[in-house]
2 protein chains.
Amino acid sequence: MSIIKGNAVVFTQGGPTAVINASWVGVVLGLMDVPEITGIYGSLNGIDGILHENFVDLRAQGRDRLIAVSKTPATALLSTRHKPKDEENQKMLEMFKKYNIRYVFGAGGNDTSESLDLMNDAAKAQGFELRLFHVAKTVDNDLMENDHTPGYASAARYVANAFRGVDMDNKCFGGVYLGVCMGRHAGFLTAASALGRTTPDSGPHLVYVPEKAFDIDRFCRDVEAVYNKYDRCVIAVSEGIEDKNGVPILQLLSADKLEADSHGNVQLSGTGALADALVDKLKSYLQERGVVKKLRARGDTLGYIQRSFPDQSSVDYEETLGLGEFAAKKALEGNIDGSVAIQRVSDDPYKSEYKLVPLKSVAGKTRHLPDAHVNAEGNNVTEAFIKWGKPLVGGLYPFGLLDTNRMVNKQ
Amino acid sequence: MSIIKGNAVVFTQGGPTAVINASWVGVVLGLMDVPEITGIYGSLNGIDGILHENFVDLRAQGRDRLIAVSKTPATALLSTRHKPKDEENQKMLEMFKKYNIRYVFGAGGNDTSESLDLMNDAAKAQGFELRLFHVAKTVDNDLMENDHTPGYASAARYVANAFRGVDMDNKCFGGVYLGVCMGRHAGFLTAASALGRTTPDSGPHLVYVPEKAFDIDRFCRDVEAVYNKYDRCVIAVSEGIEDKNGVPILQLLSADKLEADSHGNVQLSGTGALADALVDKLKSYLQERGVVKKLRARGDTLGYIQRSFPDQSSVDYEETLGLGEFAAKKALEGNIDGSVAIQRVSDDPYKSEYKLVPLKSVAGKTRHLPDAHVNAEGNNVTEAFIKWGKPLVGGLYPFGLLDTNRMVNKQ
């Protein structure tokens, strides 16, 4: 198939990442010098920009500005979580016809790949030739067919550096530090806390991911064992942890304190409540058991800064820009649709490649941390995870350690 | 006065910072090549190491290792918040005699300068010649006699970069983002959130510091005004905000929900409660006023990562290392005691110098954000603050902005 003459549109959806601009800038760079691509449009606020005809002229921005934007966190094209209804898919199709848009590239998670798949069906039904591509994106790293998703490595880099620092901070006074990480129902981002460890005894000493049922009593005993060994304990916990019946842990810990919304649902994320509830539980457990008289304990919720901190992983940036360019190339080669994904070729030296996979293989599915990445006790990551994650986050901040074997002799 | 022959001890106290190792490494570098300084000891866990004779041999570490440690956050000498009693000051004096320690350098906040002052009195009373120096340290920046304290600039750098990222993130969907910053009763660290602004309309749009009485109703109206203008609002709030009667805001907002400790005190910091309570208040206010049907709002508490994130400000690092060396130099020149402080010579080009000030001028006092750094409404910082703060944090992460004047014409 040849190149169709027409316009292209790019858009971004869902929670932004530190490199999501690189996704669409990569697409634009891949199309920019192709004469048949008459215009390159950036739809503002995801598909809402298509529905309301709000398009930025991206070719007019110039290469230097685009490169600068690609190095900036969050999406300069703004976002939405709007899931289109049937009539909206029809309206978008009208807009594509009105503006002669023949190429559509959406960067987003599995909801976005699903939306693109529906758009595709609508276009095919009317015989309108459209080339539709999904560019994977999510800090949660929960998309099928991807070794890792653009955005994950930068968020993982932040989490690893943050835990490296708080672990050293915790060592100064002892006590318990607990940090709650993003990732919804996938534990990849929480697991990244272990990538910052500096010595065999450094934290996080315990890591809890949603892939394993969380047992509050066992958690307390785990912390007690670490505390008895080191007089301190650093813990990473996923926001999505649940018990063996699938009940969110925050709900179990504070059923009577929480306010339900108008649908009777308890708010489980977006607050510091889980960290605070777990820390309260540890305080009462360790104090009642006489492990410590008054536990010094602090719970932090790492929050939005995980996905928006402006420190991109260099691997993430390069791969994401390249993945966007790959999507453009595939479209120009005559492919009709698909999702572009990152596949790993080798761990050491680290090498990856891009692949075009069917939209339906990504749409509406969730990928989880592999079994081999979590230990049998379900309270830590394995060496297999460290080996997998290390190449992605780039060089972390350097550190030096005192040689405490060189003590002054007691007199 | 000449150099006394004997040993030197360095220690660190209070909450660590990203550059506190540079404070004592600077002292060690300043003493290392002086033959009269027979040994250089690092007391572990602040003054507790002196009481229990736990000293690391610092000269034996070698210069390269010390430099690597100086670039590492948190204190490799560990810390304590222990305030010595009279008999402990006597015991420390015995230890100084036993180990022939003639030089004492403590890096810490105003509690540490007070402890050093008491040690000094005890030594003078017994006619034991001791040279005692306080090296200023605190991310709160609340020490008298200092233009800014070692550690502040790196924490400020983190806060500025974090708000730069979350502001861009907030722009993608709109809504309210509120971040609670450290600083106890001083607003310097919260104010640093404004140093990451990228454009005249970027956040934080509102900044609340403890130096100004916080009025909940006025706060709600402030947010409403910003929200009406931008469909979003990014807010930085100090953990130490109080109302006009000095009552902590968290206590006012959630008196019935909080648990008091055994002394009847409500826990006001170290949890995500203040951010959550303020966000809840904004949700109900803006929804009841009909400003928005369902407010998208998130409150983060920036937590310990503010002081331990491993990304040192280069200005902070160089100044802190230099301040330690300056303390060593002053001790070798024959000064008996004092606190070493950073003074500003000029804003642009930025230039600072070191000064030896009396221990009592720092001990037990608190410095606050100057009036000129907060606007008349008490809801933002001024240009004077920006001018003061900018040179300290070093270059922030770069960014690029789309030119949204270049829109595609509607057809």
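The values are calculated or read from the model by the stated rules, or taken from the named source; none is laboratory data. The shown structure was predicted, so the numbers you read here are calculated from the model rather than taken from an experiment. Ideal geometry is used to build each Cβ from the backbone, glycine not excepted, and the neighbour counts take in all protein chains shown.
General observations
- Residue in region A:223-246 that is assigned by TED's automatic domain parsing to the domain that holds residue A:306, part of a loop (DSSP other than H, G, I, E, B) and at positive phi present: yes
- Condition check for residue A:394: closer than 25 Å to residue A:192 by Cα, buried (at least 18 other Cβ atoms within 10 Å of the Cβ) and within 14 Å of chain B (Cβ to nearest Cβ): yes
- Extreme residue, surrounded by the fewest Cβ atoms within 10 Å (Cβ to Cβ), among residues of region B:1-48 that are within 23 Å of residue B:303 (Cα to Cα) and among the aliphatic types (A, V, I, L, M): B:19
- Within region A:156-196, considering residues that are assigned to a loop (DSSP other than H, G, I, E, B) and more than 13 Å from chain B (Cβ to nearest Cβ), the one farthest from residue A:384 (Cα to Cα): A:184
- Qualifying residue in region A:20-34 (condition: in a helix (DSSP H, G or I) and more than 15 Å from residue A:320 (Cβ to Cβ)): yes
- Of the criteria (1) small (Gly, Ala, Ser); (2) outside the structural domain of residue B:132 (by TED's automatic domain parsing); (3) within 26 Å of residue B:157 (Cβ to Cβ), which one residue B:327 fails: (2)
- Which listed residue is out of contact with any Leu (no Cβ under 9 Å at 6 or more places or on another chain) and either among the β-branched types (Val, Ile, Thr) or surrounded by fewer than 24 Cβ atoms within 10 Å (Cβ to Cβ) (or both), from B:176, B:207, B:223, B:180: B:207
- Total residues in region A:210-219, condition buried (at least 18 other Cβ atoms within 10 Å of the Cβ) and outside any loop (DSSP other than H, G, I, E, B): 1
- Residue identified as at the interface with another protein chain (Cβ under 7 Å from one of its Cβ atoms) and over 30 Å from residue B:309 (Cβ atoms) among B:103, B:99: B:99
- Matching residues in region A:90-137 - criterion: being farther than 15 Å from residue A:361 by Cα, in contact with a Lys or Arg (Cβ under 8 Å, 6 or more places away or on another chain) and of a type in the set (A, V, I, L, M, F, W, C): A:96, A:104, A:107, A:128, A:130
- Residue in region B:97-105 that is in a helix (DSSP H, G or I), modelled with pLDDT of 95 or more and touching a Phe, Trp or Tyr at 6+ places or on another chain (Cβ under 9 Å) present: yes
Conditions (1) assigned to a helix (DSSP H, G or I); (2) not assigned by TED's automatic domain parsing to the domain that holds residue B:286, marked per residue:
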site: B:320; (1), (2): yes, yes
site: B:346; (1), (2): no, yes
site: B:386; (1), (2): yes, no
site: B:409; (1), (2): no, yes
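- Picking from residues in region B:292-318 that are more than 30 Å from residue A:175 (Cβ to Cβ) and in contact with a helix residue (DSSP H, G or I) (Cβ under 8 Å, 6 or more places away or on another chain), the one that is farthest from the other protein chains (Cβ to nearest Cβ) is B:315.
- Note on region B:320-340: residues that are buried (at least 22 other Cβ atoms within 10 Å of the Cβ) and either within 14 Å of chain A (Cβ to nearest Cβ) or not aromatic (Phe, Trp, Tyr) (or both) amount to 11.
- Residues in region A:41-75 that are more than 7 Å from chain B (Cβ to nearest Cβ) and in a loop (DSSP other than H, G, I, E, B): A:44, A:45, A:46, A:52, A:54, A:58, A:62.
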